[in-house]
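The values are calculated or read from the model by the stated rules, or taken from the named source; none is laboratory data. What you are looking at is a predicted structure, and each value in this text was computed from that prediction instead of being measured. Cβ placement follows ideal geometry from the backbone for every residue including glycine, while neighbour counts extend to all protein chains displayed. Only protein heavy atoms, including side chains, enter the accessible area calculation; ligands, DNA and RNA are left aside. Shrake-Rupley method; radii C 1.70, N 1.55, O 1.52, S 1.80 Å.
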Amino acid sequence: TGQDTVLDAAPVADAGGVQENYPALQCEQDLRRALERGGELELYYQPQFALGTLHITSFEALIRWNHPERGLVSPAEFLPVAERTRLIIPLSTWVLHEACRQLAVWLARPGGQHLRIAVNISPGYLHNGLLQRDVEAALVAAGLPGNRLELELTESSLLFDPARANELLGPLQAQGVRLALDDFGTGYSSIRHLRDFQVSNLKIDRSFVRQICVDVLDRRLVTALTALGHELGTSVVAEGAETMDAVACLREAGCDIVQGYALGRPMPAAAATSILGHEEMIKSEERAERERSQ
Ligand code: C2E
Ligand code: MG
Ligand code: MG
Ligand code: MG
């Protein structure tokens, strides 16, 4: 039916390009070709900042598709198609390898040793059973220890079959791989997942963050979720901080890490490399200043 073939092409922030409907079958064929030929998919990187220092702690890898005719296609358009077909598997394998490879480059830079990379893992990929093999291969190929990698899962991944998800993720966690619960607060049983999975980062969904300075209920909710996360030994990340006011309110609420347009949009690897260089320059000036004043 028409409904099955026409995607919900709601535009996603930051992925401009063409926004008319992209028929699923066409999308699938194009994506298959893109995965075979290479060169059209690209990872953007959005920095995450420690709220205390506003230094970069890690980058989240976010996929982009530079379609030869359609321009930049949003992941909201093609990920559902990839999920419904088996294309999510080669796509995810590529993302893991590329993200780990890029992080290894950043880790080798002066002052970059503390960085981590966060990779989004979709439900279809988690449950196909190839995740462990792919993660291990990507870490080995890049020469990374497990604790540099963070897997971002949404509730829908865990809800499907929590016991199985635990079996799949446990061996990776034993190697130091970290788990982040993405879009926290939008699902049905978040708190149970915090209890049952050893989550390193709780990522509060941006719907609670957007209005934090003006909506007192949002502010109380974020404060309470942060306290809950801390009680369970989890770092709390706020997604979608769009203004410096929001950043200040998030600090007030006790969050640990902030991500959002106010501090850094998703950007190509080269741009991320240059902000790392800039940050390192500022840090070394601060070090020199401290030494002079001693
Ligand atoms: P997500 O993992 O929750 O990623 C955050 C999304 O919010 C990103 O959209 C990011 O660009 C956007 N964002 C970040 N800061 C702000 C802000 O301050 N304001 C607003 N309005 N938006 C902000 P993006 O890159 O379009 O990705 C959308 C979703 O697609 C992601 O949500 C994730 O679920 C999925 N995704 C992206 N890349 C991958 C990937 O490589 N693999 C998989 N499986 N999923 C991916
Ligand atoms: Mg994410
Ligand atoms: Mg999210
Ligand atoms: Mg999201």
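Going by the conditions given, is Ala270 open to solvent by 60 Å² or more (accessible area, probe 1.4 Å), closer than 27 Å to Leu103 by Cβ and among the small types (Gly, Ala, Ser)? Spell out how you get there, then give the answer.
Details: open to solvent by 60 Å² or more (accessible area, probe 1.4 Å): yes; closer than 27 Å to Leu103 by Cβ: yes; among the small types (Gly, Ala, Ser): yes.
For Ala270, the condition - open to solvent by 60 Å² or more (accessible area, probe 1.4 Å), closer than 27 Å to Leu103 by Cβ and among the small types (Gly, Ala, Ser) - is met.
Can you list residue pairs whose Cβ atoms sit under 9 Å apart, with the first residue in segment 246-264 being of a type in the set (D, E, K, R) and the second being part of a helix (DSSP H, G or I)? Count only pairs 6 or more apart in sequence or on different chains.
Once the first residue is of a type in the set (D, E, K, R) and sits in segment 246-264, its partners that are part of a helix (DSSP H, G or I) give Glu252/Arg219; Glu252/Thr223; Asp256/Thr226; Asp256/Gly229; Asp256/His230.
Specify the residue that is surrounded by the fewest Cβ atoms within 10 Å (Cβ to Cβ); the eligible residues are those in segment 111-131 that are part of a loop (DSSP other than H, G, I, E, B) and within 16 Å of ligand 4 (Cβ to nearest atom).
Taking segment 111-131 as the starting set, the residues that turn out to be part of a loop (DSSP other than H, G, I, E, B) are 111-115, 121-122, 127-130.
Among the residues that remain, those that are also within 16 Å of ligand 4 (Cβ to nearest atom) are: 121-122.
Details: Ile121: 24, Ser122: 21.
For segment 111-131, the residue satisfying everything is Ser122.
Give the number of residues within segment 140-155 that are of a type in the set (A, V, I, L, M, F, W, C) and open to solvent by 10 Å² or more (accessible area, probe 1.4 Å). Reasoning before the result, please.
Quick first cut of segment 140-155, residues of a type in the set (A, V, I, L, M, F, W, C) only: 140-142, 144, 149, 151, 153.
Okay, now just the ones that are also open to solvent by 10 Å² or more (accessible area, probe 1.4 Å), so 140-142, 144.
So the count comes out to 4.
Inside segment 158-205, can you point out the residues that are at positive phi, at pLDDT below 95 and either more than 13 Å from ligand 3 (Cβ to nearest atom) or under 14 Å from the mean Cα position of the chain (by Cα) (or both)? Give the derivation first.
Kept after step one, since they are at positive phi, are these residues of segment 158-205: 176, 183, 185.
Okay, now just the ones that are also at pLDDT below 95, so 183, 185.
Asp183, the sole residue that qualifies.
Would you point out which residue out of Glu167, Glu136 is surrounded by fewer than 21 Cβ atoms within 10 Å (Cβ to Cβ) and without any contact (Cβ under 8 Å) to a residue 24 or more places away in the chain? Reasoning before the result, please.
Working: Glu136 fails: without any contact (Cβ under 8 Å) to a residue 24 or more places away in the chain.
None of the other options fit; the residue is Glu167.
Looking at segment 86-108, I want the residues that are on the phi < 0 side of the Ramachandran plot and have a partner that is open to solvent by 30 Å² or more (accessible area, probe 1.4 Å) and among the aliphatic types (A, V, I, L, M) with Cβ atoms under 6 Å, at least 6 apart or on another chain. Which pairs are those?
Once the first residue is on the phi < 0 side of the Ramachandran plot and sits in segment 86-108, its partners that are open to solvent by 30 Å² or more (accessible area, probe 1.4 Å) and among the aliphatic types (A, V, I, L, M) give Pro90/Leu35.
Is it true that Asp215 is surrounded by fewer than 19 Cβ atoms within 10 Å (Cβ to Cβ), free of Cβ contacts under 8 Å to residues at least 12 places away in the same chain and either within 16 Å of ligand 4 (Cβ to nearest atom) or over 20 Å from Thr93 (Cα atoms) (or both)?
Numbers: surrounded by fewer than 19 Cβ atoms within 10 Å (Cβ to Cβ): yes; free of Cβ contacts under 8 Å to residues at least 12 places away in the same chain: yes; either within 16 Å of ligand 4 (Cβ to nearest atom) or over 20 Å from Thr93 (Cα atoms) (or both): yes.
Judged against the criteria, Asp215 is a match.
So that you can scan it fast, the table gives a plain yes or no per residue for (1) surrounded by fewer than 21 Cβ atoms within 10 Å (Cβ to Cβ); (2) farther than 21 Å from Ser157 by Cβ; (3) within 16 Å of ligand 4 (Cβ to nearest atom):
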site: Asp183; (1), (2), (3): yes, no, yes
site: Ile191; (1), (2), (3): yes, no, no
site: Ser207; (1), (2), (3): yes, no, yes
site: Arg219; (1), (2), (3): yes, yes, no
site: Thr223; (1), (2), (3): yes, yes, no
site: Gly233; (1), (2), (3): yes, yes, no
site: Cys249; (1), (2), (3): no, yes, no
site: Val258; (1), (2), (3): no, yes, yes
site: Tyr261; (1), (2), (3): yes, yes, yes
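What is the residue count in segment 63-103 for residues that are surrounded by fewer than 17 Cβ atoms within 10 Å (Cβ to Cβ), among the aliphatic types (A, V, I, L, M) and in a helix (DSSP H, G or I)?
1
Which condition does Gly185 not pass, out of (1) touching a helix residue (DSSP H, G or I) at 6+ places or on another chain (Cβ under 8 Å); (2) away from ligand 1 (no atom under 15 Å from the Cβ), if it passes all the others?
(2)
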